[in-house]
Amino acid sequence: MRELDSSLTSQVHDYGVSRQLLSERGFTLGGNWDYDHGSFDCALDEANLVWLRLPFEVTAGRLDSEAEPMDTEIRFGCPYVLKHVYNEGLDDSARAGTVGGLINQFSAPVDPDDDIESAWIDKARRKLDEVEAIYPRHA
């Protein structure tokens with residue numbers, strides 16, 4: 001993981017507007033969101049191994065599939081680039097059963113904090129520059 005300096009850090013914005021603006025630029029809501037925090041993620045490669053992540057915390061309202069997104073305000077954290085190299089095949093320690101099969105069937109990353117080559121940092125920086133450019137107009 002490599003943090004990137006950003007003017008976006010600590011800025012507060014409407015979640016619905018941010019979701020729309022960022023989805024137009026290839027970002028999706030990361031799968032590990034909860035009512036009070038989440039992240040917008042953008043894959044930087046076709047294999048989905050290198051990502052630019054824009055973490056945020058909810059400052060007003062909450063993330064909820066039934067709530068109006070316009071009622072939710074978020075504060076961005078420090079953006080970062082992460083790279084995961086996964087083992088091929090199934091995880092030998094995967095639990096049997098329906099729930100275990102759904103959740104634990106894939107192997108863990110070889111190194112969740114794998115070194116990130118400078119080319120990916122540069123690509124993430126360019127993508128982040130693109131994102132930072134849209135926020136002064138929509139703050």
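Throughout, read-outs are computed from the coordinates displayed, never taken from laboratory work. As the structure is a prediction and not an experimental result, all values here were calculated from the model. Counting neighbours? That spans all protein chains shown, and the Cβs are built from the backbone with ideal geometry, glycine included.
Among 48-56, 15-23, sorting by the average number of other beta carbon atoms lying within 10 angstrom of each residue, highest first, gives 48-56, 15-23.
Note the full-extension length gain between ARG25 and VAL12 as 0.36 nm times their separation in residues minus their Cα-Cα distance, in nm to one decimal.
2.8 nm
Summarising the amide proton neighbourhood of GLY30: residues at separation of 5 or more, or on other chains, whose placed amide H is nearer than 5 Å comprise SER39, PHE40, ASP41.
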